[in-house]
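Report on one structure; see the data block that follows.
The values are calculated or read from the model by the stated rules, or taken from the named source; none is laboratory data. This one's a predicted model, so the numbers in the text were calculated from it and none came from an experiment. Virtual Cβ from ideal backbone geometry, glycine too; neighbours counted across all protein chains shown.
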Amino acid sequence: MNTMTYKGYSARVEYDDEDEIFFGKIAGISDVIGFHAETVADLKTAFHEALDDYLATCAKVGKEPQKPYSGKMMFRVSPDVHRKAAVAAELSGKSLNQWAEEALSKAAQPNSVG
C-alpha cells in the first residue's frame, strides 16, 4: 500500500491498470475525499487540491473539518500480552505508553509516495 501525506492528512493511493490512472482517498475520516491523475506528480497536486478544497468548503459552510485521529487509543489485549508488554517496557526503561507507541509506530510504517 502506498500513501501520501499533506497537512496532517494521509491518503491511500492505488493504480488502476485498466484506466491507467492513479487514484486515492483520504484515510481516517468519514467524509469521502477522492482524487485521481495519470502521473504521480499530478496525483500529488490533485491530492493537495482536494484537501485544500475540503478545508475551504468546511470553512465556508461553518463546519469543523474532521481530523484524522486524536492520538488517544483504547483497545483490549489478552492478560498475557499485557504482561509481556509491561515487562518489555519496564526492561527498556520506558512507560508502557512510550513502549507501545514505538512498537505501533514501527509496525505501522507504510510505503510513501509523496
Name the pairs: first residue in segment 54-82 and more than 24 Å from Leu96 (Cβ to Cβ), second residue surrounded by 10 or more Cβ atoms within 10 Å (Cβ to Cβ) and of a type in the set (Asp, Glu), Cβ to Cβ under 6 Å, at least 6 apart or on different chains? Gln66/Asp31
Going by the conditions given, is Thr39 closer than 16 Å to Thr5 by Cα, of a type in the set (S, T, N, Q) and at pLDDT 90 or above? no
